[in-house]
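Step one of this worksheet: look at the structure below.
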Amino acid sequence: MGVYLIMNKGVVTVNLTIGFGNNLFQYCYARLLAEKNNLKLNHRKIEEFSIPKSSHAINKNLKTILINDTNCLQALNADLSEFNIVVSGYFEDHRIYKKHKKKIISWFPSVPRTNKKDLILHLRLQNRLVQKSHLKNHIMVKGYKEGISMFDFDKLHIITDSKKWSHYDKTDIEEIRHEILIGPNPPSNSPWVDVNTSLGFINSLIDGLSEFSPIVHCNNKPVIKNSGGLRSGHMKDFNFIRDFDKVMIFNSTFSWWAAFLSEAKHVGTWGPWKPNKGSRNKNLGKTDYEGWFSWGSTDDLYWKEG
């Protein structure tokens, strides 16, 4: 009977999209669902954490159901042990993971948290400097300053995917656009903001944050078409963030997960998260875990169309 039950388990199959942060939400949600219902789990490999591909035959005697962003919370509280499950969504909802935090952390390699005095601010820039959809979510430097003031720290570290931390010019913006066009996900239309708007934002940010004399870690590498996953060196950035006890997040799932897995004691997330998404926005800016808090508001948005 025991062998029969094992052979007739259902399978949770998760569709991992592009994006490292996206994949962590998708993998962790699917694994929670599989373990709760004693089901097997199918997923492609996650190279960044050396998680190998998992593949099991689907039990065709069981009905297959779909779990997405609209029913994911209810699914975790239901008995789904008699089904095959296809998991397809983003699952960027902090409520899902709160009571499972210790378990999820145990699934990944640990990184010692040694920097207890300094603050690290993660700034994803590059493509977000030139594309309308991203720049609409950026805020003026005064918003960052107000967020920084909510921390008690010695030195400010900034970690970014930008190629430099000095004034940008037109050539820099053109290079970023070209990099996007030859990257793994080139846009299908003309998504660019004008060059002067991009330059105004990044240069005001560099000038405004200079009063903190930040230690800036730039780690831009060219995107290799169809490479998937992270750019070269970005896993190093991820683990570098995990070394800090004080983490400031704008609206990046990359740094959200770095803070989550590090168990940092003081984590500030930008409250509005990605207001440009409207009803599709996620609640990660309102993460209410122990030591986590929200900062900032939409009053600080840098650029509004029209």
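Computed from the coordinates by the stated procedures, all read-outs in this text should not be read as laboratory data. Being a predicted model, the structure only gives us computed values, none of them experimental. Backbone-built Cβ (ideal geometry, glycine too); neighbour counts: all protein chains shown.
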If the limit is 28 Å between Cα atoms, which of K282/K304; K99/K282; K99/K136; K102/K286; K102/K236 go over it? K99/K136
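Taking 0.36 nm per intervening residue step and subtracting the Cα-Cα distance, what contour gain separates T64 from T17 on full extension? The partial results should precede the final answer.
Values: separation 47, 0.36 × 47 = 16.92 nm, distance 2.05 nm.
Full-extension gain reported as 14.9 nm.
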Per the 1/(1 + (r/R0)^6) rule, R0 = 22 Å and r from the Cβ atoms of K145 and V111, FRET efficiency to 0.05 is 0.15
Between K99 and S166, with labels modelled 7 Å along Cα→Cβ, what's the label distance in nm to one decimal, could you check? 5.4 nm
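Mind checking which helices in the chain clear 20 Å along their axis (Cα) and have mean Kyte-Doolittle hydropathy of -1.0 or more, DSSP H runs only?
Going by DSSP H runs, the hits are 20-36, 195-209.
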Multiply the residue gap between I182 and T298 by 0.36 nm, knock off their C-alpha separation, and tell me the result in nm, one decimal place. 38.5 nm
Taking K155 as the anchor, which lysines have their alpha carbon closer than 20 Å to its alpha carbon, excluding any fewer than eight residues away along the same chain? K116, K117, K142, K145, K164, K246, K265
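Compute the Cα gyration tensor for the chain, then decide on rounded, prolate or oblate, letting a ≥ b ≥ c be the square roots of its eigenvalues: rounded whenever a/c is under 1.5, prolate when a/b is larger than b/c in the other cases, and oblate in all that remain. Write down the numbers at each step before the final one.
Working: a/c = 2.05, a/b = 1.67, b/c = 1.23.
Cα axes put the chain in the prolate bin.
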Could you calculate the contour length gain from I51 to Q74, that is, 0.36 nm times the residue separation minus the distance between their Cα atoms, to one decimal place in nm? 5.5 nm
